[in-house]
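Novice: Quick one: the structure is below, questions incoming.
The values are calculated or read from the model by the stated rules, or taken from the named source; none is laboratory data. Computed from a predicted structure; not experimentally measured. Cβ coordinates were reconstructed from backbone atoms using ideal geometry, including for glycine residues, and neighbour counts include every protein chain displayed. Surface accessibility is based on the protein's heavy atoms, side chains included, excluding ligands, DNA and RNA. Shrake-Rupley method; radii C 1.70, N 1.55, O 1.52, S 1.80 Å.
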Amino acid sequence: MDVIPEPRHVAAHQDGYFAPGPATGLSAGDGTQGTERWLRATLGAATGLPLPPGEAGDDDVIRLSLDPAITAELGEEGYRLDVLPNGVRLAGGGPAGLFWGAQTLRQLLGPDAFRRAPLPGRRPRLPLTRIQDAPRFRWRGLMLDVARHFLPKDDVLRQLDLMAAHKLNVFHFHLTDDQGWRVEIERYPRLTEVGSWRTRTKSGHRASPLWDEKPHGGFYTQDDIREIVAYAAERHITVVPEIDVPGHSQAAITAYPELGNTDVIDTTALSVWDNWGISPNVLAPTDNTLRFYEGVFEEILGLFPSEFVHVGGDECLKDQWRQSPTAQARIAELGVADEDGLQSWFIGHFDTWLAERGRRLIGWDEILEGGLADKAAVSSWRGYQGGIAAARAGHDVVMCPEQHVYLDYRQDGGADEPVPIAYVRTLEDVYRFEPVPPELTPEEAGHVLGTQANVWTEVMEDRGRVDYQTFPRLSAFAEVAWSSLPAPAERDFAGFERRMATHYRRLDALGVAYRPPSGPLPWQRRPGVLGRPIEGPPPNR
Ligand code: ACM
């Protein structure tokens with residue numbers, strides 16, 4: 001059956017199949033209408049079957065229900081799937097569990113179920129089985145950077161489909177950075193008018209001598225964002241927006257020069273950054289900046305209902321603050337020790353501001369420096385250490401250490417990787433990633449909400465490149481996040497690879513340009529962009 005991520009418990013009922021046909025009905029109990037809609041649209045298109053409304057007690061029916069006994073045993077995201085000779089019984093602990101069960105059902109139907117139209121002469125059939133399943137973690141995330149390279153809305157929706165197919169449930173949407181501002185903010189139109197386009201782009205990583213001499217940009221209107229959020233919600237995916245402050249803000253400063261350290265540089269001379277790395281042009285720690293970003297976050301809260309709002313907080317270079325009389329005066333006024341204290345004050349302001357509005361702040365692990373409010377959570381990216389410190393201090397943590405789950409990092413040591421940056425992280429490395437470090441006590445480990453793979457797009461200029469870096473490693477990551485795998489050394493990677501043989505055919509049907517197991521295809525190589533692999537650390541983005 002080769003289900004990925006591997007379910008918790010699979011019992012073959014007996015040999016044989018249930019073959020749905022034109023008369024097979026779909027019976028939707030209370031609370032199951034979302035999955036009913038998704039099944040009819042997705043499996044209906046792939047199989048050509050109409051799946052008319054059916055009665056729960058009928059033969060030849062796919063019956064959907066919610067079951068409190070499953071909630072009690074497996075939680076809201078748990079499900080039980082029975083394929084019987086006369087039909088299918090799919091029950092969820094809650095609507096999310098039911099939807100994840102529908103993803104398993106689709107996989108059982110075979111790779112053709114991932115197409116958008118039926119292939120002539122193919123009859124869908126399901127192996128008789130009983131599956132009981134539930135996730136290990138409640139935060140099973142993918143971060144996508146749409147700032148370094150803009151990904152059109154349709155490609156974002158497709159990414160959400162790919163996440164759903166892997167039972168991933170948090171989409172961390174990195175919307176702003178030095179190289180572009182991607183979300184319409186009505187009260188500050190220049191953020192997208194000016195901040196969403198750059199005149200040229202470094203081709204390859206930041207040491208590359210090459211440039212792509214054409215404008216690059218784009219942004220999502222507020223209606224686009226509402227559509228993305230709704231599309232995600234139908235798939236039980238939460239979209240966590242990231243507005244990165246106070247660093248990684250050159251695009252915003254270009255649009256509104258008063259946001260920068262105007263007593264240090266002429267911020268009116270800045271442009272949306274055309275290079276990679278970490279820009280020294282950071283936000284000024286002024287009341288004006290705070291008020292401006294409160295305005296931004298007000299619109300963000302209106303667009304994104306998620307409990308968590310990500311404020312970035314990473315890699316804020318402090319040189320301008322050291323040189324700025326205004327920043328130094330603020331340090332003195334606040335009585336903080338230094339520029340790190342200023343960053344902590346800046347983040348702390350939005351921590352309180354979000355908490356007052358019923359939301360929770362999450363930021364990259366740099367936000368730990370200088371202390372955090374109780375409810376703030378941390379994305380641990382520079383390794384496990386930030387996450388360990390945060391969990392020990394009682395903060396919730398999402399484990400996404402770059403050494404393991406930065407999918408922009410190359411997946412093979414060969415010189416023919418398309419743009420081979422930083423560490424080599426193979427499919428097997430990702431499969432053996434363990435989100436909960438052994439140093440944590442069980443109580444501290446309870447603060448690990450889950451894990452997330454991060455896709456930074458400096459070297460991914462389009463969807464094909466994103467596919468190549470992301471897959472198949474995201475399939476391995478999904479299993480880490482969902483399945484209850486043994487300790488890393490004991491994981492059955494050979495067994496995973498065997499199941500991947502089937503899963504590659506699903507990805508083929510979906511049109512995913514993954515890295516094939518035997519290395520890049522000729523068209524996936526990028527000769528000339530980079531002569532030789534660059535060793536990490538540090539990252540070369
Ligand atoms: C990061 O990679 N700067 C979070």
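Here's the yes/no breakdown for (1) free of Cβ contacts under 8 Å to residues at least 12 places away in the same chain; (2) open to solvent by less than 10 Å² (accessible area, probe 1.4 Å); (3) under 26 Å from the mean Cα position of the chain (by Cα):
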residue	(1), (2), (3)
LEU98	no, yes, yes
LEU105	no, yes, yes
LEU109	no, no, no
ARG115	no, no, yes
LEU119	yes, no, no
PRO124	no, no, no
ILE131	no, yes, no
ARG138	no, no, yes
MET143	no, yes, yes
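Novice: Hey, can you tell me all the residues within segment 22-38 that are in contact (Cβ under 8 Å) with a residue 60 or more places away in the chain and open to solvent by less than 50 Å² (accessible area, probe 1.4 Å)?
Specialist: THR24, GLY31, THR32, GLY34, THR35, TRP38
Novice: Hey, among the residues in segment 455-471 that are part of a helix (DSSP H, G or I) and open to solvent by 10 Å² or more (accessible area, probe 1.4 Å), which one's nearest to the ligand (Cβ to nearest atom)?
Specialist: By that ranking, first place goes to ARG465.
Novice: Right, here's the next one. Return the pair list, or none, for Cβ contacts closer than 8 Å from residues in segment 184-206 that are closer than 21 Å to ILE228 by Cβ and of a type in the set (Gly, Ala, Ser) to residues that are open to solvent by 60 Å² or more (accessible area, probe 1.4 Å) and in a loop (DSSP other than H, G, I, E, B), at least 6 apart or on different chains.
Specialist: Qualifying pairs under 8 Å: SER196/PHE219.
Novice: Taking ALA41 and the conditions (1) open to solvent by less than 10 Å² (accessible area, probe 1.4 Å); (2) part of a helix (DSSP H, G or I), which numbered condition does it fall short on, given that it satisfies the others?
Specialist: (1)
Novice: Could you please find all residues in segment 308-334 being within 16 Å of the ligand (Cβ to nearest atom) and among the small types (Gly, Ala, Ser)?
Specialist: Matches in segment 308-334: GLY312, GLY313.
Novice: Next question, about the same structure. Is it the case that segment 350-358 has a residue that's closer than 30 Å to GLU434 by Cβ and out of contact with any Gly (no Cβ under 9 Å at 6 or more places or on another chain)?
Specialist: Looking through segment 350-358, none of the residues is closer than 30 Å to GLU434 by Cβ and out of contact with any Gly (no Cβ under 9 Å at 6 or more places or on another chain).
Novice: Residues in segment 288-307: is at least one within 16 Å of the ligand (Cβ to nearest atom) and closer than 26 Å to TRP456 by Cα?
Specialist: Looking for residues that are within 16 Å of the ligand (Cβ to nearest atom) and closer than 26 Å to TRP456 by Cα, one finds none in segment 288-307, hence no.
Novice: Just checking, which of GLY370, GLY363 is within 16 Å of the ligand (Cβ to nearest atom) and within 26 Å of GLY260 (Cα to Cα)?
Specialist: The match here is GLY363.
Novice: Just checking, does segment 55-64 include any residue being surrounded by fewer than 15 Cβ atoms within 10 Å (Cβ to Cβ), within 27 Å of LEU160 (Cα to Cα) and at pLDDT 95 or above?
Specialist: No - not one qualifying residue is present in segment 55-64.
Novice: Could you run through segment 256-286 and say how many residues are over 19 Å from GLU193 (Cα atoms) and touching a residue at least 12 places away in the same chain (Cβ under 8 Å)?
Specialist: Number of matching residues: 17.
Novice: Turning to a different aspect of this structure: Give me a count of the residues in segment 92-145 that are farther than 30 Å from ASP177 by Cα and either part of a strand (DSSP E or B) or not hydrophobic (A, V, I, L, M, F, W, C) (or both).
Specialist: Final tally of qualifying residues: 31.
Novice: How many of the residues in segment 472-497 are among the charged types (D, E, K, R) and either surrounded by fewer than 13 Cβ atoms within 10 Å (Cβ to Cβ) or within 22 Å of the chain's Cα centre (by Cα) (or both)?
Specialist: Of the residues in segment 472-497, 3 are among the charged types (D, E, K, R) and either surrounded by fewer than 13 Cβ atoms within 10 Å (Cβ to Cβ) or within 22 Å of the chain's Cα centre (by Cα) (or both).
Novice: Give segment 82-113 a look and list any residue that's under 23 Å from ARG136 (Cα atoms) and of a type in the set (A, V, I, L, M), or say none.
Specialist: Within segment 82-113, LEU90, ALA91, ALA96, LEU98, ALA102, LEU105, LEU108 meet the criteria.
Novice: Sticking with this one: Being under 21 Å from the mean Cα position of the chain (by Cα) and open to solvent by 10 Å² or more (accessible area, probe 1.4 Å) is the filter; apply it to segment 427-447 and report the residue that is nearest to PHE471 (Cα to Cα).
Specialist: LEU427
Novice: To continue, here is another question. Give the residue that is nearest to ALA390 (Cα to Cα), with candidates limited to residues of segment 411-451 that are within 16 Å of the ligand (Cβ to nearest atom) and not aromatic (Phe, Trp, Tyr).
Specialist: Among those residues, the one meeting the criterion is THR451.
Novice: Evaluate segment 311-333: report whether one residue or more is acidic (Asp, Glu), free of Cβ contacts under 8 Å to residues at least 40 places away in the same chain and in contact with a Phe, Trp or Tyr (Cβ under 7 Å, 6 or more places away or on another chain).
Specialist: no
Novice: Would it be correct to say that GLY450 is modelled with pLDDT of 95 or more, farther than 15 Å from ARG382 by Cα and in contact with a helix residue (DSSP H, G or I) (Cβ under 7 Å, 6 or more places away or on another chain)?
Specialist: In short, yes.
Novice: How many residues are out of contact with any Phe, Trp or Tyr (no Cβ under 8 Å at 6 or more places or on another chain) and more than 27 Å from SER203 (Cβ to Cβ) when one looks only at segment 246-257?
Specialist: Number satisfying all stated conditions: 1.
Novice: Please give the number of the condition ASP351 fails out of (1) within 23 Å of the chain's Cα centre (by Cα); (2) within 16 Å of the ligand (Cβ to nearest atom).
Specialist: For ASP351, the exception is condition (2).
Novice: Which is open to solvent by 20 Å² or more (accessible area, probe 1.4 Å), away from the ligand (no atom under 16 Å from the Cβ), at pLDDT 95 or above and not aromatic (Phe, Trp, Tyr), of GLY511, GLY528?
Specialist: GLY511
Novice: Among (1) in contact with an Asp or Glu (Cβ under 8 Å, 6 or more places away or on another chain); (2) assigned to a loop (DSSP other than H, G, I, E, B); (3) among the charged types (D, E, K, R), which single condition is ASP244 missing?
Specialist: (2)
Novice: Looking only at residues that are part of a helix (DSSP H, G or I) and touching a residue at least 12 places away in the same chain (Cβ under 8 Å) in segment 146-158, which one is most open to solvent (accessible area, probe 1.4 Å)?
Specialist: LYS153
Novice: Also, quick follow-up: Taking the options PRO257, PRO285, PRO215, name whichever one is out of contact with any Cys (no Cβ under 6 Å at 6 or more places or on another chain) and either under 26 Å from GLY34 (Cα atoms) or open to solvent by less than 10 Å² (accessible area, probe 1.4 Å) (or both).
Specialist: PRO285
Novice: Within segment 286-306, can you find the residues that are of a type outside the set (Gly, Ala, Ser) and either modelled with pLDDT under 95 or outside any helix (DSSP H, G or I) (or both)?
Specialist: THR286, PHE304, PRO305 - these are the residues of segment 286-306 that are of a type outside the set (Gly, Ala, Ser) and either modelled with pLDDT under 95 or outside any helix (DSSP H, G or I) (or both).
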